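Worksheet for the structure shown next.
Every number in this text was worked out from the coordinates using simple rules, so none of it is lab data. Since the structure is predicted, the reported quantities are computational estimates derived from the model, not experimental observations. So basically every Cβ, Gly included, is an ideal-geometry build from the backbone, and we count neighbours across all protein chains shown.
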Amino acid sequence: MNIRVESVKFDADKKLLDFIHEKVGKLERFFDAIIGIDVTLSLVPGHENKKAAIRVRLPGNDLLVERNYTTFEEAVATGVDILKENLVKTKEKMRGA
């Protein structure tokens, strides 16, 4: 599984990149046919100005979650939690089809 992280208009430090790879890498436990994962980090106006968009590429389908929080770590962690649930649902649908 390929994990690609892109930071828009800033450079993400190694600690943040390691955190993202650790959290996002665990998604493979919930769905073994993941082709790849794209994480895009950006800054947006407002109080919760750290945005993480996580796209999970699956055969014939993509899942996308976007979250805004005060830190990138929070945005990624909550996005991964939502994706875990979505991956389980997608896997169940594929089994039932």
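Comparing 79, 36, 60, which has the greatest mean-square fluctuation in the GNM of the chain with Cα pairs linked when under 10 Å apart?
Sorting by GNM fluctuation, first place goes to 60.
Of the listed peptides 45-52, 18-25, 71-78, what is their order by residue-averaged count of other C-beta atoms within 10 Å, with the highest listed first?
71-78, 18-25, 45-52
Charges on Cβ only, +1 for Lys and Arg, -1 for Asp and Glu, centred on the Cα centroid of the chain; of 37, 72, 5, which one is farthest towards the dipole's positive end?
Farthest along the dipole direction, towards plus: 37.
Using only Cα atoms, tell me the angle between helix 72-96 and the longest principal axis of the chain; keep it within 0 to 90° and round to the nearest 10.
Helix 72-96 and the main axis of the chain meet at about 10 degrees.
How are the Cα pair distances of the chain distributed, in percent, across 5 Å bins from 0?
Histogramming the chain at 5 Å steps yields 2, 13, 26, 25, 16, 10, 5, 2, 1 percent.
Suppose only helical runs count, i.e. DSSP H with n ≥ 4. What mean residue ellipticity at 222 nm does that imply for the chain under -39500 (n - 2.57) per run, divided by all residues and rounded to the nearest 500 deg cm²/dmol?
-13000 deg cm²/dmol
In what order do 38, 32 fall by count of nearby beta-carbon atoms within 10 Å, going from fewest to most?
32, 38
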